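Participant: My structure is below; once you've seen it, I'll send some questions.
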Amino acid sequence: MRLSRPVALLAGLSTLLALPAALAAERIQVVTSFSILADMIENVGGEHVEVTALVGPDSDAHVYSPRPTDARALAEADLVVFNGLKFEGWMERLIDASDFAGPLVVATDGIAGRIAAAEDDGHDDHDDDAHDHGHEAHGDEGNEAHDGHDHGPIDPHAWQDLGMGPLYVDNILAGLIEADPDNGDAYRASAERYLEAIAAADGELRERLGEIPAGTSVITGHDSFGHFARAYGLQFLSPQGLSTEAEPSAANMARLIDVIREKNVRALFHENMTSPAMIDQLAEETALPVAGTLYADALASDGEASSWLGMMRHNARTLHDALAEPGQGEDDHSDDDHAGDGHEYDNGAHDDHGHEH
């Protein structure tokens, strides 16, 4: 029996509408802890993954409190990826509560060896002063304040050094292949292209930040730029430690003000995912300008800093514009040399980040 024309059109339309759902069902479901990892996974996984970040853009993973729906999302996932090094201490408890039994990726696995190799290769060859990432501003009292929120011996914010990109990509790639071996070749090809993009961005950052005097001091909201300092030759100080969970004491703030004056700090910087109040207080008490916003532990919701590589380029340009010596590199870098939404390596996977928050 031949269908009438309207019935046939409706049947065809139903088939077309069902295609996106079918394609989505074929993607492996990946749950990750926060937005920066989500972007990395999407770049390696491409069209074969659907990624959900429990902590979305402009949100603070340090203080996140998991919801019952998060445990359900993990239980239904094909792969779970988190940073490790106690960055998101709640994540391991959530994994236990979810009864997740699939492949689990700790994205910083093997970082100690990678840091040692970077230092041996001269990746760390600037002034010793640049290795002090604000601990003088915390002191013993600051360390005591962060007891119970110990991040361990290694700074967990390793994504702040693009030289650590291969570590993250290798670990993510291995997890994707374990969860979805049929698409292993596609993941390997995407990872190779992504590594090339990371290396290119790292070179750009080194050139741009090389125009800032070595050992220049930078003040940010919390101590999340240690790897950035090691890699690119700056010194970062902050009122808080590695976590944003505890407020800095009045004594620590006073000591930081003394350090700012001693080191002739020229500018302060907000962070996108922490309260600006502390930096604003420092600006008021020191008469220093707030020179912009840096992206530390979360991507932006849109714009250039909505991708990891775009975020790093934004940070480098913001620091350069505030701290480079007058006349250095002003004609070499334009604000629009990486204009757009920041997804300079786009595998077609950025149409749906899956961020719940």
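Participant: If I compute solvent accessible area with a 1.4 Å probe over the protein chains, what percent of it on the range 191-325 is carbon and sulfur?
Facilitator: 47
Participant: Using only the alpha carbons of the range 39-104, what is the convex hull's orientation-averaged projected area in square nanometres?
Facilitator: 4.7
Participant: Shifting gears a bit: Could you tell me the convex hull volume per residue, in Å³, taken over the Cα atoms of the range 189-238?
Facilitator: Spelled out: Cα convex hull of the range 189-238, divided by residues, is 76 Å³.
Participant: Then there is this: Pop out the ³J(HN,Hα) list for the range 295-309 in order, Karplus 6.51 cos²θ - 1.76 cosθ + 1.60 with θ = phi - 60°, rounded to Hz; leave Gly and Pro as x.
Facilitator: Calculated HN-Hα couplings, in order: 9, 9, 10, 7, 6, 7, 5, 7, x, 4, 7, 7, 10, 4, 5 Hz.
Participant: Efficiency by 1/(1 + (r/R0)^6): what FRET value for ALA101 and GLU325, r their Cβ-Cβ distance, R0 = 56 Å, to the nearest 0.05?
Facilitator: 0.50
Participant: If you don't mind, there's one more thing I want to ask. Whose amide H sits under 5 Å from the amide H of LEU294, counting only residues 5 or more places off or on another chain, with H placed in the peptide plane?
Facilitator: Answer set, sorted by chain and number: HIS270, GLU271, ASN272.
Participant: May I ask you to evaluate 6.51 cos²θ - 1.76 cosθ + 1.60, the Karplus curve with θ = phi - 60°, for each residue of the range 40-56 and list the ³J(HN,Hα) values in order in whole Hz, giving x for glycine and proline?
Facilitator: 4, 4, 5, 5, 7, x, x, 6, 8, 10, 10, 10, 10, 9, 5, 10, x
Participant: Accessible area of the range 22-114 with a 1.4 Å probe: how many percent of it is carbon plus sulfur?
Facilitator: The computed percentage sits at 49.
Participant: OK, next. How big is the gap, in Å, between the Cα center of the range 162-204 and the Cα center of the range 253-307?
Facilitator: So the two Cα centres are separated by 32 Å.
Participant: Applying a 10 Å radius around every beta-carbon, put 199-209, 294-304 in order of their mean neighbour count, most first.
Facilitator: Put in order of decreasing packing, that is 294-304, 199-209.
Participant: Show me, for the range 261-278, the HN-Hα J-couplings you get by feeding each phi into the Karplus relation (A = 6.51, B = -1.76, C = 1.60, θ = phi - 60°), rounded to Hz, glycine and proline as x.
Facilitator: 6, 5, 8, 6, 4, 9, 7, 10, 9, 6, 10, 5, 10, 10, 5, x, 4, 5
Participant: Shifting gears a bit: Under 5 Å between amide H atoms, partner at least 5 residues away or on a different chain: which partners does THR52 have, H built in plane at 1.01 Å?
Facilitator: VAL30, VAL31, THR32
The values are calculated or read from the model by the stated rules, or taken from the named source; none is laboratory data. Computed from a predicted model, the values in this text were never measured in an experiment. Note that we place each Cβ from the backbone using ideal geometry, even for glycine, and neighbour counts take in every protein chain shown. To get the accessible areas, we keep the full protein, side chains included, count just its heavy atoms, and leave off ligands, DNA and RNA. Shrake-Rupley method; radii C 1.70, N 1.55, O 1.52, S 1.80 Å.
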